[in-house]
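What follows is one structure encoded as structure tokens, with my remarks underneath.
The values are calculated or read from the model by the stated rules, or taken from the named source; none is laboratory data. A quick note: this is a predicted structure, and the numbers were derived from the prediction, not measured. Here the Cβ positions follow ideal geometry from the backbone for every residue, glycine too, while neighbour counts run over all protein chains shown.
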Amino acid sequence: MIVRPEKRNQGAGSALLREAIKFAQAKGCLRITLLADRTNTSAVRFYQRHGFTLSELRGRRSK
């Protein structure tokens, strides 16, 4: 999820995330996993404010 810089801090990201969580729960999802670069501290803080915590899961990718 990406919010344009000029639209940040206006609640759009929080509203989108809340709706995504409600949608997932309504569909019976038991877990929500998201990815954010560790160096993206603003995203990490955003997700932490919404109750997400770090997990032991480690992502991998191929170039």
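Laid out as a table, the results:
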{"quantity": "Qualifying residue in region 44-51 (condition: of a type outside the set (Asp, Glu), loosely packed, with under 10 Cβ neighbours inside 10 Å and out of contact with any Asp or Glu (no Cβ under 6 Å at 6 or more places or on another chain))", "calculated": "yes"}
{"quantity": "Single match in 31, 60, 18, 4 (criterion: basic (Lys, Arg), out of contact with any Pro (no Cβ under 7 Å at 6 or more places or on another chain) and surrounded by 10 or more Cβ atoms within 10 Å (Cβ to Cβ))", "calculated": "18"}
{"quantity": "Residues satisfying the stated conditions in region 43-63, i.e. modelled with pLDDT of 90 or more and either in a loop (DSSP other than H, G, I, E, B) or over 11 Å from the mean Cα position of the chain (by Cα) (or both)", "calculated": "50, 51, 52, 53, 62"}
{"quantity": "Tally of residues being in a helix (DSSP H, G or I) and among the basic types (Lys, Arg) across region 8-42", "calculated": "2"}
